[in-house]
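The values are calculated or read from the model by the stated rules, or taken from the named source; none is laboratory data. Keep in mind that this is a model prediction, so the values were computed, not measured. Positions of Cβ are generated from backbone atoms using ideal geometry, with glycine treated the same way; all protein chains shown enter the neighbour counts.
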Amino acid sequence: MSKIKYAIKIKKDILKKVKEYYNCIHNNPAEFFPGKTHIHYSGRVFNEKELQYLVDAALEFWLTFGKYSEEFEKRFSRYLGVRWALLVNSGSSANLLAFMALTSPLLRQRQIKRGDEVITVAAGFPTTVSPIIQYGAKPVFIDVDLETFNVDVRKLEKARSLKTKAVVLAHTLGNPFDISAVKKFCIKHKLWLIEDNCDALGSKYDGKLTGVFGDIGTSSFYPPHHMTMGEGGAVYTNNAVLHKILLSLRDWGRDCWCGSGKDNTCGKRFSKQFGSLPFGYDHKYVYSNFGYNLRATDLQAAIGCAQLDKLDKFVNRRKRNFRHIYSRLSFFDKVFILPKKTNGSDPSWFGFLLTLKDGVPFSRNDLVKFLESKRIQTRNLFAGNLTRHPCFDSLVKGKDYRIVGNLKNTDKLMKDSFWFGVYPGLSFGQIEYIVDNIRRFLVERV
């Protein structure tokens, strides 16, 4: 038997053993003991395929961007229905890459420059806003709606100025923002739109998956999200110029588009003129952008390929869990502002948000502490109001950022909202336990 055939046999034996290992160690769902078992707000859901793909990638020992990365990008773009999807090392990197692409001189008059303004919201995760500030542009914050926890589109026109160049918004907790109104506003004023789709993979608006309506969409594959690679993210677009910029920025800012381990794809590696460099300067070391290395590894991508096979099932389970929780808590609409899906949308919910109505005889923290004492994990709505955090202490209101009107609803969400999980790993018994404890708390106090 040749070495190649013997190696193939060894690999098959290894992958068979990996399946046995999975069944021995991981395929043993822990029994749920109410009040003792910790119910997480999210977590990994996987089977032997993720481990087998991971080990297969490890045996290849390519480590960096490789065959699994290429496969994932093709399959993910096909799933979304976009021309290009680029794999990156995190959702935060995806947001950084998306915004920085809009600062490229290749965009000419539409290039975002320092001092230009970007409309967004403060009720969200900081990495949606951080790239704007770090570059030197100015975020303009507008308030949100309490039922959908998304941007109040009635505020958009008031927020616009002659310096406005883009709108950057997330689909909060999987609930799409009013894409029709936002898109209409952006088209009217020739503004870029970045969709932070990190919490909404699988959500639909007007029958189409979210993330594809804007100029650029982003995803995160951190463990709590709809699918995971451990770390990882993606940025995607249908715009050929933006794709070229995104690819360069992700890969150190280089002008060359050769894949990992490949040379001279264009056939002109040593026969072109770039700026004032010597004629024939190696194209692999020509930099057309100030870029980064934001690529993921093939080990991460291997896990992602296995997770993609399960994504539709994950989304359906999230929707089912959300519906069940809503049906059990809908009777408490005098106590809570219950989540409401945006008109025309079909959310792939990231979590179940509850907001206390004004005048209830307890605080958000009273309820959260009670649930946490029952081993039920909860989370605030991320930053609540980002502008109230210490990271804004060094910024000057009006100079470094603007607030349009007031952020009354944003402050309400910061003070009176929390959410808990709907992820696919939750059992029916765990969901019932969560709901029963919320009801028990309310019966004793309302």
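Looking at (1) of a type outside the set (G, A, S); (2) touching a helix residue (DSSP H, G or I) at 6+ places or on another chain (Cβ under 6 Å); (3) surrounded by fewer than 17 Cβ atoms within 10 Å (Cβ to Cβ), which one does K415 not meet, given that it meets all the others?
Condition (2) is where K415 drops out.
Quick check on segment 29-52. Is at least one of its residues among the small types (G, A, S) and surrounded by 12 or more Cβ atoms within 10 Å (Cβ to Cβ)?
The answer is yes; a qualifying residue exists.
Based on what the data block shows, is F336 out of contact with any His (no Cβ under 7 Å at 6 or more places or on another chain), surrounded by fewer than 17 Cβ atoms within 10 Å (Cβ to Cβ) and among the aromatic types (F, W, Y)?
So F336 fails the test.
Quick check on my filter: what residues within segment 418-446 are of a type in the set (F, W, Y) and either within 18 Å of L353 (Cβ to Cβ) or surrounded by fewer than 17 Cβ atoms within 10 Å (Cβ to Cβ) (or both)?
F418, W419, F420, Y423, F428, F441
The rows are residues; the columns are (1) surrounded by fewer than 23 Cβ atoms within 10 Å (Cβ to Cβ); (2) farther than 20 Å from Y205 by Cβ; (3) free of Cβ contacts under 8 Å to residues at least 60 places away in the same chain.
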{"site": "P139", "(1), (2), (3)": "no, yes, no"}
{"site": "V151", "(1), (2), (3)": "no, no, yes"}
{"site": "K158", "(1), (2), (3)": "yes, yes, no"}
{"site": "A166", "(1), (2), (3)": "no, no, no"}
{"site": "N175", "(1), (2), (3)": "no, no, no"}
{"site": "A181", "(1), (2), (3)": "yes, no, yes"}
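Does Y79 fit the bill of being among the hydroxyl-bearing types (S, T, Y), in contact with a Phe, Trp or Tyr (Cβ under 7 Å, 6 or more places away or on another chain) and either outside any loop (DSSP other than H, G, I, E, B) or under 30 Å from Q134 (Cβ atoms) (or both)?
Against the criterion (among the hydroxyl-bearing types (S, T, Y), in contact with a Phe, Trp or Tyr (Cβ under 7 Å, 6 or more places away or on another chain) and either outside any loop (DSSP other than H, G, I, E, B) or under 30 Å from Q134 (Cβ atoms) (or both)), Y79 does not qualify.
Looking at this structure, is L51 over 28 Å from G384 (Cβ atoms), touching a residue at least 40 places away in the same chain (Cβ under 8 Å) and part of a helix (DSSP H, G or I)?
Answer is no for this residue.
Which of the numbered conditions does Q273 fail, given that it passes all the others? Conditions: (1) crowded, with 17+ Cβ neighbours inside 10 Å; (2) not assigned by TED's automatic domain parsing to the domain that holds K67.
Failed condition: (1).
Keeping to segment 389-412, report how many residues are assigned to a helix (DSSP H, G or I), surrounded by fewer than 17 Cβ atoms within 10 Å (Cβ to Cβ) and touching a residue at least 40 places away in the same chain (Cβ under 8 Å).
So the answer is 2.
Would you mind stating whether F392 is under 22 Å from H40 (Cα atoms) and either in contact with a helix residue (DSSP H, G or I) (Cβ under 9 Å, 6 or more places away or on another chain) or of a type in the set (A, V, I, L, M, F, W, C) (or both)?
no
Select, from T37, T64, T103, the only residue that is within 22 Å of N239 (Cα to Cα), in contact (Cβ under 8 Å) with a residue 24 or more places away in the chain and assigned to a loop (DSSP other than H, G, I, E, B).
Just one listed residue meets the conditions, T103.
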